[in-house]
6 protein chains.
Amino acid sequence: MTRPSGRTPDALRVVEIIPNVSKHAEGSCMVKFGDTHVLCTATVEEKVPGWMKNSGAGWVTAEYGMLPRSTSSRMDREAAKGKQSGRTQEIQRLIGRALRAVVDMKALGERQVRIDCDVIQADGGTRTASITGGYVALWMACEHLIRIGALKQSPITDSVAAISCGLYNGVPVLDLDYIEDSSADTDANFVITGNGGIVEIQGTAEKDPFTEDQFMALLSLAKQGCNDLKALQLATKQALKAA
Amino acid sequence: MTRPSGRTPDALRVVEIIPNVSKHAEGSCMVKFGDTHVLCTATVEEKVPGWMKNSGAGWVTAEYGMLPRSTSSRMDREAAKGKQSGRTQEIQRLIGRALRAVVDMKALGERQVRIDCDVIQADGGTRTASITGGYVALWMACEHLIRIGALKQSPITDSVAAISCGLYNGVPVLDLDYIEDSSADTDANFVITGNGGIVEIQGTAEKDPFTEDQFMALLSLAKQGCNDLKALQLATKQALKAA
Amino acid sequence: MTRPSGRTPDALRVVEIIPNVSKHAEGSCMVKFGDTHVLCTATVEEKVPGWMKNSGAGWVTAEYGMLPRSTSSRMDREAAKGKQSGRTQEIQRLIGRALRAVVDMKALGERQVRIDCDVIQADGGTRTASITGGYVALWMACEHLIRIGALKQSPITDSVAAISCGLYNGVPVLDLDYIEDSSADTDANFVITGNGGIVEIQGTAEKDPFTEDQFMALLSLAKQGCNDLKALQLATKQALKAA
Amino acid sequence: MTRPSGRTPDALRVVEIIPNVSKHAEGSCMVKFGDTHVLCTATVEEKVPGWMKNSGAGWVTAEYGMLPRSTSSRMDREAAKGKQSGRTQEIQRLIGRALRAVVDMKALGERQVRIDCDVIQADGGTRTASITGGYVALWMACEHLIRIGALKQSPITDSVAAISCGLYNGVPVLDLDYIEDSSADTDANFVITGNGGIVEIQGTAEKDPFTEDQFMALLSLAKQGCNDLKALQLATKQALKAA
Amino acid sequence: MTRPSGRTPDALRVVEIIPNVSKHAEGSCMVKFGDTHVLCTATVEEKVPGWMKNSGAGWVTAEYGMLPRSTSSRMDREAAKGKQSGRTQEIQRLIGRALRAVVDMKALGERQVRIDCDVIQADGGTRTASITGGYVALWMACEHLIRIGALKQSPITDSVAAISCGLYNGVPVLDLDYIEDSSADTDANFVITGNGGIVEIQGTAEKDPFTEDQFMALLSLAKQGCNDLKALQLATKQALKAA
Amino acid sequence: MTRPSGRTPDALRVVEIIPNVSKHAEGSCMVKFGDTHVLCTATVEEKVPGWMKNSGAGWVTAEYGMLPRSTSSRMDREAAKGKQSGRTQEIQRLIGRALRAVVDMKALGERQVRIDCDVIQADGGTRTASITGGYVALWMACEHLIRIGALKQSPITDSVAAISCGLYNGVPVLDLDYIEDSSADTDANFVITGNGGIVEIQGTAEKDPFTEDQFMALLSLAKQGCNDLKALQLATKQALKAA
C-alpha cells in the first residue's frame, strides 16, 4: 500500500503551530496539519452563561466555522443559509468538550474563554487541528490572565491534542488527509491528554464494520501521534514563555 | 458499588420491542429500554435526495426528536424554537449512519427509507434505543417492499444494535439509565452488527480522562449487550414472519 | 347514507382516556378517538409569562404537534423546517383558549400549566381529542398541586370537552374521522363545558355555504357528543381519585 | 347599556369602500369600518401553486399584515422578527377560505389571484373588513381579466362579506370596535354570502361560556350586518361598472 | 432629451406632505413624490436600546417596508419570507442616520423615537420620500412631547430632506421616477439639511463610471431640490402650529 | 493635527497584496491595509442565477464576512445568530456592484464568479480592502479561465480599487484606520477605476453635516489613493504573469 502523499502509515503530516497571529485576541495561533490551516483564537469574557452564574466556576466553549472557499468546491456560507449544519455543531461541541477536559473550572474563576476555530484551508483533519491549536490559544489566554493579574496560576491541568486515524485500503494509517479520508473504510478521531489519558474516541465505519483488533491498531497510532503533537505544543509554549 | 437500579454491572434494563404500533407507517415499533420509550417508524419514499438521482442506489436517513415532556423537566419544543439543537442533529446523523451500515443501497433501489425516532419518555440511552428499534422498523419496511412486489429480496445485509456503557463510580457498567448517565465519569456508545462488526464507537470522558484498559472493559460489556439485543431483534422478526 | 365506518350519524368513535402514561409529567393521558391517538401532558412551572408577573394570577397554555408519520403520508418535521405551520399555531391557540375557560386563574396562583398535545397517530379530530384529553391532564396537574400542598383546592371551575361535526353527503354526522373529514361539505368544531356552556364554535363551509338550520343540527349533535365525553372524563377522574 | 361609540346594538360603524386606490394592482380598495382602515389589493398571477399544476383549476389566496403603528401601541414588524404570528396566519387563512367560497375555480382557469390585506389603521374588526374589502378587490381583478380578454365571464359565483358580533356587557352588539372587543364576554365572526349562505362561523367565549340562545342572537345580528355590507359592495361594483 | 414624464431636468415631481394621517401615532404623515406614496409614523417609547441605558441620551431609529403590491409586480412579503432583504436594511439604516443628524440626543432625553416608513405605492425615490416625510413625523412627535410636558423645547436642531438625482440618457436630472431609475446610467441620493449641510451622499454607477463633473452637476440639482423640499416641510410645520 | 498612526493626511497605510494564498480557489489573495487583513477568493461556477439563464451573459457576486475575533471585542458569529447583519449585506452588495463595473458580462459568458471577502483581522477600511483585493482575485479567476481554454480573452475591462477618506479633527485624511474611523466627523468611501471613472461614492456625516468643499477635498484624496492602489494591483498582476 502507498499513501497518496507518500507518507508511511505512522507519519503525521508536517505540523506547525504559529502563535500570536491575531492583534486582538487574548490567545491565538494558526495551526497547520499539512494543507489544513485553522486559525484558532481565544477570547476571555468576564461573564459566564446564565446557568452558571454565581457558581464560582468558569467555562470554556468553542465555535467552529469554515470559510466558503476553504474547500475544493465552494460551500455556501452558513451565515447566508441562516443556520449552522449538523456537522458544524457536532465539531464545535467536540472541541469544547476536549478543551474543558484539561481546565480546572473553579481555578479559572467565573469567566468564560471562547475558542474560535476557523478553517482557512481544508485538507482533512480540521477538527483535530482545531483541538490541537485551540489548546494553545486557550493556554495563551490563561497566561494572559496571569500576566494582567487576574489569575495567580494557570487553571490548565494538562495539555490535550487530537489526531485522526483510519483504515486506508485496509491498512491503519495516521492523520488522514482529504483524499484518504474520502475513501477510508473507517475513520476515527482520538483526543488524548499530555498524560496519556483518553478524552474522546469517535470511530465510524464508512463502509464495512471494523474489528476490535483494527480499532486497537488505530488507537495505538493515535497515541503516538498525539505524543508528537504534545511535544510541538510544549515547544510552542516554551518559545512563548522565553519571548 | 451498587447501581441505583440495583442491576448488576453487566445487566441490561428490561428491553422490549413492540412492533406494528402505527396504522400508517411501512414499519414501526415501540422500543423500550426500561423507562426509555422510543417510537420508531419507517417511511418508504419512491424518490431519493437530489444528489443521488439516477445513481441506481437508494438511501436510508433518520430523524430524531423528543416530546417536550419526555424528560424530567419540560424542554422547549424544537419546532417552536425554530431549530434543532446540535445534540438532536448529532444523534440523528448517528442513527442514519448506523442503519446505512447494514443496507445494500444498490439492492434497495432508487428509493429512500426515512426512519423517525421520537422519544415518548426518556430515561437515558435514547440514541441506542433508537438505533435498536430503528433497525426493526427498517427491516419491516423492507419486508413490506417485498410483500408488495417492489423488491425480490431484502437489501438488509446484517442486523445492527446499539448500547451505552460507562464508568459509574469507577466501575464499568452496561446500559446507563438517566441517573447513572448524569454522574458517570465516562460515557460511551457502541453500535455493533449481528456479525459482531463494529460500526461506531463514541467514548467521552465527562470528568477525568479514561485509560485504554477501562475502554476495553466498556467495549467488552457492549459486545455482550448488543448480542442480547440482537437476539431480541431476531425474535421480533421471527414473530412477525410467523404472523 | 352510510358512514364509511358504519357508524350511525350520532355515534362517537370508541373513545378512551388512559391516564398516567408519563413517568415525568404532573398530569398525563393518552386520549383515543378511534384511531386518533394524542398524548397529552401537563407541566407545572412556578413562573408565569413576563407580561403576567406580579398579577397574582396564573396562566394555562398549550402546544400541539404531530409526529412526522402520525399521518398517512409522512409530513416534514416542523423542527426541521424551522417553523410551526399556521395550522399548528391555530390549533394550539384553540386548545389554550378552551382550557383557560374552565380555570380560575387567581385560584391557580402565579404559576403556569403547559399542556402538550402530541399526535401519535392521526385519523381526524386531533384538535378535539387534544382538548378533551388536555383537560384531564390539566385536572391531574391541579390535583398534584393539591397533593403536594401548593394549592388548597382545585382552580378548575368546570370540565370541558370538544367534538367535531360535519355535513357528510348532506347529512349531519358526529365525530368525523379522516375519510369523512376529507370529503365533508361543512366541518365544525365545538368546545362545550360540563355545564353545557359553549366556549368555542368554529364552522367552515368546505364547499357550499351552509344554512342556519344545518348549523343548528350540528350544534345539537355536538352537545350530545360533548355530554358523552364529559361522562368519560368524570369516570377517569373518579378512578384516579379512588386509586 | 350604552356602547362607547353611542351606537345602537345593531348599528354598524360608518363603512366605506374606496376602490382603485392602487396604481399597480389588478384590483384594489381601501375599506373603512369606522377607524379601521384596510388596504386590499388583488394580484393576478398566471401560474398556480405546484400542487395544482395541470389541474385546470385556479386558486385564490390571501395574506394579511398590520403596519407597525396601525395599533395604539406600536407592534414589532413581523418582517424584522422573522416570522408571522399565529394570529396573522390564522387571519390570512380565514380570508382565503372566505373568498374561495365564492369563486368557481374551474372558471377562473389555471391562474392565481392573491389578495393582500394590509391594515393601515386598526380599531377592531380588521379581519372582517379584510374579507369585505378583499371581495371587492377580487371582483375587480376578475373584471380586469374579462376586460383584457383572458376570461369570458366572471368566475365569481356570489358576493361575500364578514362582520363581528359580541356580547358587550351581556348585550348582543354588532361590529365591535377595539374598546368593545377588548372587554367583550364573547366575540364572534361571521362570513356570509350575498345569498345568505354561511361560510364561516367563529365564536369564542373570552370570559364565561355562552348559551345557544346568545349565539343565535349574534348570528341574527350578523345576517343583518352582512346584508348591509352586501348592499355597499353592490353599489361599489355598479359604480365601477358605470365608470 | 425628454424625460418620460415630460418634466424638465431640474423639476421635482408634485410633492405633497399630508400630516396627521394616523389616529394612533405621536407623529405621522403621508408623503407623496408623484406616484410614490409613503406612510411615515413616529412612535415615542420611554426606553432606549440596552447599550444606551443610563447614558442620559435618546435615540432615533427607523424601519422601512414595502407593501407587497406597492410595486408593479407583486413582491413577496418579507414577513412571510422570514427576513428583511439587504436592500430593506440598507434603506432603513440610511433613514435612521439621516434623521439622527438633526436631533440633539441629550436634549431628547432617555427615550427613543421610532420612525416607520411604509411604502403604500412605489414609483421610484421611496427612500428619499421616507427621509423627507420621516422628518415631519419626527418633528411632530417632538412637538407632542412638548405639548404633554415631557420636553421643554424641541431637540430638533435643523430640518433634513433627501432627493435622488441621476444621469438619464447622459443628462443630469432631478428626482428620478421608476422608469428613469430603471434605465439611468448613474443614480445618486443626497440627504441635505435645511442649513445646506450634507448628511449623506450615495452615488452609484449603474453602467459606466461617472466623472467628477457629472457628479457635481448632480449635487447641484440635489441642493436645489432639497431646498424646495425644505420649504414644503416648513409650510407643513407652520400649518400644524397654526392649527 | 496629528493622526494617531503618525501618518500624513494623504498617506495610505502600508498596503500589500499577497496572491495565491488558497490551494483551492481559482483566484485568491490576502490584502493588507496596515492591520486590516482580508482574504479574498474567487470561485468560478459554470452556472448563473436563475433569472439570468439563457441570457448569454455572466455574473459576478460577492459575499463578506468577519471572523468573530477579527475585531477588538469578539462579535457573535453570524452563522450562529442565524442571519447576516444589515451592515454585512450592505458591504457585500457594494463589493459586488464595484466589481461588476469592470466586467463585460457578455464576454464572461454564462458563468458566475463569486468573490468571498473574509476579514481575518480588522482595523478599519475592511470594505475598501475587500474591493481592492477582490479585484485581484477576480482578475486571477479570469486568467485561469483563459489558461484552461474556457475564455479567449479576459472580460475585465478596467481595474477597480477603493479607499476611505474622512474628516478627522476637521482635517481631510486618507485611508482611516479604526481609531480614526471611530471618531471621524465624516466618513466616505470611494470606488474608482483604473481609468479614473467613479463607480461609487458613499459619504456619511457621523456628527455634523459636511460642506461641498470638504467633500471635494475627500474626493481629491481618494483619487490619489486609488491611483496608488491601482499601481500595486498592476504590479501584482505583472508578477503573476511573469511567474
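The values are calculated or read from the model by the stated rules, or taken from the named source; none is laboratory data. All figures in this text were calculated on a predicted structure; none of them were measured in a lab. Reconstructed Cβ throughout: ideal geometry from the backbone, glycine too, with neighbour counts over all protein chains shown.
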Among the numbered conditions (1) in contact with a Phe, Trp or Tyr (Cβ under 9 Å, 6 or more places away or on another chain); (2) buried (at least 20 other Cβ atoms within 10 Å of the Cβ), tell me where residue E:74 comes up short.
-> (1)
Tally, over the stretch F:172-198, of residues that are in a loop (DSSP other than H, G, I, E, B), among the small types (Gly, Ala, Ser) and either at pLDDT below 95 or out of contact with any helix residue (DSSP H, G or I) (no Cβ under 8 Å at 6 or more places or on another chain) (or both) = 2
Selection from the stretch F:88-116 of residues over 27 Å from residue A:86 (Cα atoms) and among the charged types (D, E, K, R) yields F:90, F:93, F:97, F:100, F:104, F:106, F:110, F:111
If you scan the stretch F:86-114, which residues turn out to be under 18 Å from residue A:67 (Cβ atoms) and at the interface with another protein chain (Cβ under 9 Å from one of its Cβ atoms)?
-> F:88, F:92, F:114
Residue within the stretch E:145-154 that is in a loop (DSSP other than H, G, I, E, B), closer than 22 Å to residue E:235 by Cβ and within 14 Å of chain F (Cβ to nearest Cβ) present = no
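Conditions tested, residue by residue: (1) part of a helix (DSSP H, G or I); (2) surrounded by fewer than 22 Cβ atoms within 10 Å (Cβ to Cβ); (3) within 21 Å of the chain's Cα centre (by Cα).
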{"position": "A:38", "(1), (2), (3)": "no, no, yes"}
{"position": "A:42", "(1), (2), (3)": "no, no, yes"}
{"position": "A:90", "(1), (2), (3)": "yes, yes, yes"}
{"position": "A:98", "(1), (2), (3)": "yes, no, yes"}
Could you list all residues from the stretch F:172-225 that are of a type in the set (D, E, K, R) and touching a strand residue (DSSP E or B) at 6+ places or on another chain (Cβ under 9 Å)?
-> F:175, F:177, F:180, F:181, F:185, F:187, F:200, F:206, F:207, F:208, F:212, F:223
List, please: which pairs have Cβ atoms under 6 Å, are six or more places apart or on different chains, and start with a residue in the stretch C:121-148 that is in contact (Cβ under 8 Å) with a residue 24 or more places away in the chain and closer than 21 Å to residue C:73 by Cα and end with one that is of a type in the set (Phe, Trp, Tyr) and surrounded by fewer than 24 Cβ atoms within 10 Å (Cβ to Cβ)?
-> C:123/C:178; C:124/C:178
Among the numbered conditions (1) of a type outside the set (A, V, I, L, M); (2) under 17 Å from the mean Cα position of the chain (by Cα); (3) buried (at least 21 other Cβ atoms within 10 Å of the Cβ); (4) under 23 Å from residue E:190 (Cα atoms), tell me where residue F:230 comes up short.
-> (4)
Quick one: what pairs do we get from the stretch A:56-74, first residue at the interface with chain F (Cβ under 10 Å from one of its Cβ atoms) and among the β-branched types (Val, Ile, Thr), second buried (at least 21 other Cβ atoms within 10 Å of the Cβ) and part of a loop (DSSP other than H, G, I, E, B), C-beta under 7 Å, 6+ apart or different chains?
-> A:71/A:122
Looking at (1) buried (at least 24 other Cβ atoms within 10 Å of the Cβ); (2) within 15 Å of the chain's Cα centre (by Cα), can you tell me which one residue A:159 breaks?
-> (1)
All-but-one check, residue D:27 against (1) within 14 Å of chain C (Cβ to nearest Cβ); (2) closer than 20 Å to residue D:131 by Cβ, failing number (1)
So which residues in the stretch E:75-85 are away from chain F (no Cβ under 12 Å) and either closer than 18 Å to residue E:192 by Cα or not charged (D, E, K, R) (or both), if there are any at all?
-> E:75, E:79, E:80
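Please work out which residue is nearest to the other protein chains (Cβ to nearest Cβ), limiting yourself to the stretch C:195-212 and to residues that are farther than 26 Å from residue C:72 by Cβ and surrounded by 21 or more Cβ atoms within 10 Å (Cβ to Cβ).
C:209
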Condition check for residue E:226: outside any strand (DSSP E or B) and farther than 21 Å from residue F:223 by Cα = yes
Residue, surrounded by the most Cβ atoms within 10 Å (Cβ to Cβ), within the stretch A:46-71, restricted to residues that are of a type in the set (Ser, Thr, Tyr) and part of a loop (DSSP other than H, G, I, E, B) = A:70
Kindly indicate whether residue A:236 is surrounded by fewer than 24 Cβ atoms within 10 Å (Cβ to Cβ), farther than 30 Å from residue B:166 by Cα, of a type in the set (S, T, N, Q) and in contact (Cβ under 8 Å) with a residue 60 or more places away in the chain.
-> yes
Counted residues in the stretch A:169-192 being within 14 Å of chain B (Cβ to nearest Cβ) and within 17 Å of the chain's Cα centre (by Cα) come to 6
Single residue of the stretch E:18-35 satisfying the filter (touching a Lys or Arg at 6+ places or on another chain (Cβ under 8 Å) and in a strand (DSSP E or B)) that is nearest to residue D:69 (Cα to Cα) = E:28
Answer yes if at least one residue in the stretch E:155-164 is at pLDDT below 95, more than 30 Å from residue E:212 (Cβ to Cβ) and in contact with a helix residue (DSSP H, G or I) (Cβ under 9 Å, 6 or more places away or on another chain), and no otherwise.
-> no
In this structure, is residue C:236 part of a strand (DSSP E or B) and either more than 11 Å from every other protein chain (Cβ to nearest Cβ) or polar (S, T, N, Q) (or both)?
-> no
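Just to be sure, is residue E:52 more than 26 Å from residue A:80 (Cα to Cα) and within 14 Å of chain F (Cβ to nearest Cβ)?
So residue E:52 does not fit the description; no.
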